[in-house]
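Written below as structure tokens is the structure these notes are about.
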Amino acid sequence: MSKLARNLIVLGLALGVWGMSFFFIGDSKSDSDDPTREVCHANLGQIQRAKQKWASDNHKPGSALPTVDDLKPYFPNQRIPRCPGLGSYVINAVADPPHCSITTHTYP
Ligand SMILES: [Zn+2]
């Protein structure tokens, strides 16, 4: 095998590995390494705790559906946290955990 041919093979392998690493980075970014996902999860946890507090303060059953205005007093500056990934939240009934419109942002 000529030296040039061997160099071309090595170059091809290097490019292949380089391309693969991009593939893996891109893949993991859309799932477990999404930094917005953890923040969103924490937000949904805060919303769920606010719902439970609202239900106990107002003697509501688990099937009660609090509105955004009902929950506002339980957050600093009356601001309900928002999804950092621009998803929208569905508050749900007290007994049902809230969820985010971004499907990878799961809770609990
Ligand atoms: Zn989200």
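Brief remarks on what is shown
- Members of the stretch 72-92 found to be over 16 Å from LYS51 (Cα atoms) and within 13 Å of the ligand (Cβ to nearest atom), listed by number: CYS83, PRO84, GLY85, LEU86, GLY87, SER88
- Residue in the stretch 22-36 that is within 30 Å of the chain's Cα centre (by Cα), at pLDDT 95 or above and either on the phi > 0 side of the Ramachandran plot or surrounded by 10 or more Cβ atoms within 10 Å (Cβ to Cβ) (or both) present: yes
- In the stretch 67-95, of all residues being of a type in the set (D, E, K, R) and not in a loop (DSSP other than H, G, I, E, B), the one that is nearest to PRO35 (Cα to Cα) corresponds to LYS72.
- Selection count, the stretch 50-67, where residues are loosely packed, with under 11 Cβ neighbours inside 10 Å and of a type outside the set (S, T, N, Q): 2
- Across the stretch 93-103, the number of residues qualifying as near the ligand (Cβ under 8 Å from one of its atoms) and in contact (Cβ under 8 Å) with a residue 40 or more places away in the chain comes to 2.
The values are calculated or read from the model by the stated rules, or taken from the named source; none is laboratory data. No experiment lies behind these values; they were computed from the predicted model shown. Every residue, glycine as well, gets a Cβ built from its backbone with ideal geometry; the counts of neighbours run over all protein chains shown.
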